[in-house]
Amino acid sequence: MPEPILQMHALDAHYGDFQALYGVDMEVSEGEVLAIIGSNGAGKTTLMRSITGLLSNEPSQITYHREDISSLRADEVAMRGLAMVPEGRQLFPSLSVRENLMIGAQVGRKGPWSLDAVYKLFPILDERKDQQSTSLSGGQQQMVAIGRALMANPDLILFDEISLGLAPIIIKDIYDALPGIIGEGMSAIIVEQDISKALSVSSRVYCLQEGRVSLEGASDTVSREDISRAYFGIE
Amino acid sequence: MDWLNAVVQGTLLGGLYALFAAGLSLIFGVMRLVNIGHGDFIVLAAYLGLTVTTATGLHPLLALIVVVPTMGVIGYVLQRGLLNQTLGDDLLPPLLVTFGLSVILQNGLLEVYSADPQKMEAGALETASFAVGGLNLGVLPVLTFAVAVAVIWGLQWTFYHTALGRAFRAVSDNQDIAQLMGLNRRHIFGVAMALALGVTAIAGILLGIRTSFDPSIGGGRLIFGFEAVIIGGLGNLWGTLAGGVILGVAQTVGAKIDPGWQILSGHLAFLFILAIRPNGLFPRISA
Ligand SMILES: Nc1ncnc2c1ncn2[C@@H]1O[C@H](COP(=O)(O)OP(=O)(O)OP(=O)(O)O)[C@@H](O)[C@H]1O
Ligand SMILES: [Mg+2]
């Protein structure tokens, strides 16, 4: 079994008095694509925010490349090669398409991804590079958000519901592009509500339910019944 | 001709007000911080200039070489050490803390330099003038206006054509996501404050050459700066220059009608514009 690149150990998360994650144990192997599924409010985005350092954690809850990153700030985590395509895209409205991509490269990591490589993956962005990011369609904005994360040349990339609010044909385009994106030894975590999409691109899957891991398994062997039980909590 | 003269002199005065305002506009744009102590920092810069010129015999304009970086360092340290801790969802803490800074600065200056009005000696620059089409223009006001245009242009260029400016805009748009891009907002805010106080240093020195100053005048400079920013519209630096000019012209034209009306007519122009355009003339940020 390959070395784990990311490990979570008894991870809790809180918003004030409200606890959103309870003792989550999870790991991602080098080069692996992991899917995380779960219903609305299950804690998927919270988990992404904890990993990236946007939420503060207790010491030794998150290990990345054998380093304890639990207490690092988000920018320090980013510098170590962990990038995220956030839920809802969250582009910078004051920046042009090109500038949104450029800012992803701010971490200064070397690798295959550059402006040219992103334009080659999504040619439409080359045509629209000088436009304000808010003037693009939803699908094009999602391409910018993906390109922005790739520009960091990450070892591990987190996708939080990249299909949210997009037309099925565009979702298909983006998922078709994923293998080309995740190749080259990159690991990925894909958060997705669409269970069959999630299973088709991943090797392993975790299901979250009310802040707890309710299922863990290989994507090609988990059964529909197990998933619906883990997803909805119906016995 | 007298009226034209008043308008031209007011325009040039507006350059000084734009310099008062540029730093305020910059930090509000980047971090939504309103620095109540801004005017006192202008006065601090004037006193630092005074100390440098009396200690070294340098011309006040050359003292900028020392005062600009000094104010920049003060800005960075202040932001990292104090002001960053006050930023959050609540607007009140930064207001209270910078108000406190204003009081501390005024009293500190009073202690060190006394309440006596001071002035920087700039030799021939103070009185030199030249004639253009029947108008007599002072070299210092023209220089001040040119510096204001250059500073605004420089800030604008930094904002829209450099990696630093991109970082300023990204952090201003969305602090969390900017942090995900590897930008440490605390550092970016520190750099923004350094830049703002660097500009303030230029404003302070030009003020100190133009008129006499004492530790109590910061509040008035803050108001002029505020009015220029609001008239021009938040987040637009060229708008801030326009705001400074409108304020300056209103003041000189008012003074032409009756010398006692100078300050009042500036405030009236401000209120009038606020009444017809609550977001200022050229807003970029919705308040
Ligand atoms: N900023 C916040 N403050 C307080 N509670 C929050 C906050 N963000 C999320 N929560 C709560 O934490 C829980 C988990 O939310 P989270 O956004 O992680 O769910 P999710 O699995 O990503 O859901 P979705 O599929 O709708 O995106 C929810 O109960 C939510 O109400
Ligand atoms: Mg979510």
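Odds and ends about this structure:
- When we screen A:K120, A:K197 for residues that are within 16 Å of ligand 1 (Cβ to nearest atom), open to solvent by 30 Å² or more (accessible area, probe 1.4 Å) and more than 14 Å from chain B (Cβ to nearest Cβ), the only hit is A:K197.
- Qualifying residue in the stretch A:142-153 (condition: of a type in the set (D, E, K, R), under 14 Å from the mean Cα position of the chain (by Cα) and closer than 15 Å to A:L91 by Cβ): yes
- Counted residues, the stretch B:1-22 - those being β-branched (V, I, T) and in contact with a strand residue (DSSP E or B) (Cβ under 7 Å, 6 or more places away or on another chain): 1
- Of all the listed residues (A:I37, A:I51), the sole one being more than 14 Å from chain B (Cβ to nearest Cβ), within 18 Å of A:I189 (Cα to Cα) and within 16 Å of ligand 1 (Cβ to nearest atom) is A:I37.
- When B:T211 is tested against (1) within 14 Å of chain A (Cβ to nearest Cβ); (2) under 23 Å from B:I36 (Cβ atoms); (3) open to solvent by 30 Å² or more (accessible area, probe 1.4 Å), just one condition goes unmet, and that condition is (1).
- Of all residues in the stretch B:117-137, those being farther than 22 Å from B:L58 by Cα and either in contact with a helix residue (DSSP H, G or I) (Cβ under 8 Å, 6 or more places away or on another chain) or not β-branched (V, I, T) (or both) number 8.
- Taken together, the residues in the stretch A:130-147 that are farther than 19 Å from A:I189 by Cβ and more than 14 Å from every other protein chain (Cβ to nearest Cβ) amount to 8.
- Qualifying residue in the stretch A:148-155 (condition: open to solvent by less than 30 Å² (accessible area, probe 1.4 Å), assigned to a helix (DSSP H, G or I) and either within 10 Å of another protein chain (Cβ to nearest Cβ) or among the aromatic types (F, W, Y) (or both)): yes
- When each of B:V103, B:V142 is tested for being away from chain A (no Cβ under 14 Å) and in contact with a helix residue (DSSP H, G or I) (Cβ under 7 Å, 6 or more places away or on another chain), the lone residue that passes is B:V142.
- Number of the condition not met by A:Y231 [criteria: (1) of a type in the set (S, T, Y); (2) over 24 Å from A:I5 (Cβ atoms); (3) in contact (Cβ under 8 Å) with a residue 40 or more places away in the chain; (4) open to solvent by 30 Å² or more (accessible area, probe 1.4 Å)]: (4)
- When B:A228, B:A250, B:A203, B:A194 are checked against the criterion of being over 19 Å from B:F28 (Cα atoms), more than 14 Å from chain A (Cβ to nearest Cβ) and at pLDDT 95 or above, a single residue qualifies: B:A250.
- Across the stretch A:138-160, the number of residues qualifying as within 16 Å of ligand 1 (Cβ to nearest atom) and farther than 23 Å from A:I69 by Cβ comes to 1.
- Selection of first residues in the stretch B:38-52 that are without any contact (Cβ under 8 Å) to a residue 12 or more places away in the chain and of second residues that are in a helix (DSSP H, G or I) and open to solvent by less than 20 Å² (accessible area, probe 1.4 Å), restricted to Cβ pairs under 8 Å at least 6 apart or on distinct chains, gives an empty result.
- Which numbered condition A:L55 fails, given (1) within 15 Å of ligand 2 (Cβ to nearest atom); (2) touching a helix residue (DSSP H, G or I) at 6+ places or on another chain (Cβ under 9 Å); (3) under 26 Å from A:I195 (Cα atoms); (4) hydrophobic (A, V, I, L, M, F, W, C): (3)
- Residue check for B:M181: farther than 15 Å from B:M31 by Cα and within 14 Å of chain A (Cβ to nearest Cβ): yes
- Selection of the stretch A:175-197 for residues being under 14 Å from the mean Cα position of the chain (by Cα) and either modelled with pLDDT under 90 or at positive phi (or both) yields A:Y175, A:L178, A:I181, A:I182, A:Q193.
- Answer from A:D130, A:D116, A:D176, A:D126 - the residue that is away from ligand 2 (no atom under 16 Å from the Cβ), over 21 Å from A:R80 (Cβ atoms) and not in a helix (DSSP H, G or I): A:D130
- Number of residues in the stretch A:176-194 that are surrounded by 21 or more Cβ atoms within 10 Å (Cβ to Cβ) and within 16 Å of ligand 1 (Cβ to nearest atom) equals 4.
The values are calculated or read from the model by the stated rules, or taken from the named source; none is laboratory data. Since the model is a prediction, treat every value here as computed from it, not as a measurement. Here Cβ is always computed from backbone atoms with ideal geometry, including for glycine, and neighbour counts include all displayed protein chains. Heavy atoms of the whole protein, side chains included, go into the accessibility calculation; ligands, DNA and RNA do not. Shrake-Rupley method; radii C 1.70, N 1.55, O 1.52, S 1.80 Å.
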